[in-house]
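Reviewing the structure listed below.
What follows is calculated from the coordinates using simple rules that are stated; it is not laboratory data. These figures come from a predicted structure and were not determined experimentally. Neighbour counts are summed over all protein chains in view; Cβ atoms, including those assigned to glycine, are modelled from backbone coordinates with ideal geometry.
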Amino acid sequence: MHRFTGPLVAVVVLCMSQFAPGSVSARDDGRYANEPLHAWFDQLASGKGLCCSFADGVKVEDVDWDTRDGRYRVRLQGEWVTVPEGALVTEPNRFGPAVVWPYLDAEGATQIRCFLPGAGA
């Protein structure tokens, strides 16, 4: 057994536990493992905890995010969702485009775990 297996399993379980029951599915299947920013994405966190990985996030086009009344908001599935203050990733965006990590709560409402504003925001 490798010495990193325990911590790796803990991170995967933590990421998967952030999704509502019935929709537990982290999507990092390894296809981004050799990307230059892979390790950077894996350590991103908001006030709600780790964002998990880029594979679990969704790239947001500029027309699908903005600010209103001093708060970020993101258009997800045709609806504008206000980004909770605790979900904001505050470190500079090294990727460029905005990224959001949405999930469905127990009632089926879209929530935001993390939001990384686009570079230059």
Can you list the residues, at least 5 places off or on another chain, whose amide H is less than 5 Å from the amide H of Val81, using H built in the peptide plane?
Val74, Arg75, Leu76
Cα-projected label distance for Ala119 with Trp40, points at 7 Å along beta-carbon direction, nm:
0.8 nm
Under the Karplus curve 6.51 cos²θ - 1.76 cosθ + 1.60, θ = phi - 60°, whole-Hz ³J(HN,Hα) for segment 100-113, x wherever Gly or Pro sits:
10, 10, x, 8, 9, 7, 4, 8, x, 7, 6, 10, 10, 7
Just rank Thr90, Thr110, fewest to most, by other beta-carbon atoms within 10 angstrom.
Thr90, Thr110
